[in-house]
Amino acid sequence: KNQVEQSPQSLIILEGKNCTLQCNYTVSPFSNLRWYKQDTGRGPVSLTIMTFSENTKSNGRYTATLDADTKQSSLHITASQLSDSASYICVVSATAGTALIFGKGTTLSVSS
Amino acid sequence: NAGVMQNPRHLVRRRGQEARLRCSPMKGHSHVYWYRQLPEEGLKFMVYLQKENIIDESGMPKERFSAEFPKEGPSILRIQQVVRGDSAAYFCASSPPGQGTTGNEKLFFGSGTQLSVL
């Protein structure tokens, strides 16, 4: 069964600290893996998209890694800001087009 | 340069009524996707449409749910005879033409419609 599991479910960190979110998947065949940021009451916004051959991809203070052998990905946030408080969703594409499998997300709270 | 526009933001219906959710894709986008998000759950794919065509409706419930994307106007997700279990956030996403269904197309999401069924 195609599944995307994320951990931790929620996380609280102090402003300025770094954090790492985890994503494990059992989706096959694999096309790509995406990380989205979803603010409360808003739609998801794409952070990164990685294909099978990509091990790491950065977008500002966000760095995603992918290990296609172990089917694991991580999202590292550097020097967190209050505006980073949101849900971070890992999404895996099983085949071309519409078969996106969404994780339940990690809720990050950054406090001052 | 408006993004994906969804309306209404909030919709309250009584059991048995009809719900119509609208989605206007980003300017120049011709692909529309609908997703449903239940509380504490991840988004679940419902349907993928191009202008006047349903490409993939494998995630749509067999009854009461329908979607369209006419040549002119927004995409509509229609739920007939709503039940309490239909209460959820419904998100629309769009992508530009030419990306086809490679699996690498970048999706732009709207802010969603929160449907509450009393």
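Pick out the one residue from B:ARG9, B:ARG22, B:ARG13 that is of a type outside the set (A, V, I, L, M, F, W, C), touching a residue at least 24 places away in the same chain (Cβ under 8 Å), under 15 Å from B:ALA88 (Cβ atoms) and more than 14 Å from every other protein chain (Cβ to nearest Cβ).
Numbers: B:ARG9 fails: more than 14 Å from every other protein chain (Cβ to nearest Cβ); B:ARG22 fails: under 15 Å from B:ALA88 (Cβ atoms).
That would be B:ARG13, the only listed residue that is of a type outside the set (A, V, I, L, M, F, W, C), touching a residue at least 24 places away in the same chain (Cβ under 8 Å), under 15 Å from B:ALA88 (Cβ atoms) and more than 14 Å from every other protein chain (Cβ to nearest Cβ).
Among the residues making up the range A:86-112, a single one is more than 14 Å from the chain's Cα centre (by Cα), under 15 Å from A:LYS17 (Cβ atoms) and crowded, with 18+ Cβ neighbours inside 10 Å: A:VAL110.
Only one of the numbered conditions (1) under 23 Å from B:TYR33 (Cβ atoms); (2) in contact with a strand residue (DSSP E or B) (Cβ under 9 Å, 6 or more places away or on another chain) is not met by A:PRO29, and that is (2). Filtering the range A:34-83 to residues that are within 14 Å of another protein chain (Cβ to nearest Cβ), closer than 20 Å to B:GLU105 by Cα and surrounded by fewer than 18 Cβ atoms within 10 Å (Cβ to Cβ) leaves A:VAL45, A:SER46, A:THR51, A:PHE52, A:SER53, A:GLU54, A:LYS57, A:ASN59.
Only one of the numbered conditions (1) in contact (Cβ under 8 Å) with a residue 40 or more places away in the chain; (2) assigned to a strand (DSSP E or B); (3) more than 10 Å from chain A (Cβ to nearest Cβ) is not met by B:PRO39, and that is (2).
Kindly indicate whether B:ILE54 is out of contact with any helix residue (DSSP H, G or I) (no Cβ under 7 Å at 6 or more places or on another chain), within 14 Å of another protein chain (Cβ to nearest Cβ) and either over 20 Å from A:PRO44 (Cβ atoms) or free of Cβ contacts under 8 Å to residues at least 40 places away in the same chain (or both). Yes.
The residues of the range A:15-33 that are assigned to a strand (DSSP E or B), among the polar types (S, T, N, Q) and within 13 Å of chain B (Cβ to nearest Cβ) amount to a single one, A:ASN32.
Looking at B:GLN6, B:GLN81, B:GLN114, B:GLN17 in this structure, which one is in a strand (DSSP E or B), farther than 22 Å from A:LEU47 by Cβ and not small (Gly, Ala, Ser)?
On the way: B:GLN6 fails: farther than 22 Å from A:LEU47 by Cβ; B:GLN81 fails: in a strand (DSSP E or B); B:GLN17 fails: in a strand (DSSP E or B).
Just a single option satisfies the conditions, and that option is B:GLN114.
Is the range B:63-74 home to any residue that is over 11 Å from the mean Cα position of the chain (by Cα), within 14 Å of chain A (Cβ to nearest Cβ) and either assigned to a strand (DSSP E or B) or modelled with pLDDT under 90 (or both)? Within the range B:63-74 (the criterion being over 11 Å from the mean Cα position of the chain (by Cα), within 14 Å of chain A (Cβ to nearest Cβ) and either assigned to a strand (DSSP E or B) or modelled with pLDDT under 90 (or both)), the answer is no, since none of the residues qualifies. Inspect all residues belonging to the range A:49-71 and state whether any of them is among the hydroxyl-bearing types (Ser, Thr, Tyr) and under 23 Å from B:LYS44 (Cβ atoms). No: zero hits.
The values are calculated or read from the model by the stated rules, or taken from the named source; none is laboratory data. Source: prediction; values computed, not measured. In this analysis, Cβ positions are derived from the backbone assuming ideal geometry, glycine residues included, and neighbour counts consider all displayed protein chains.
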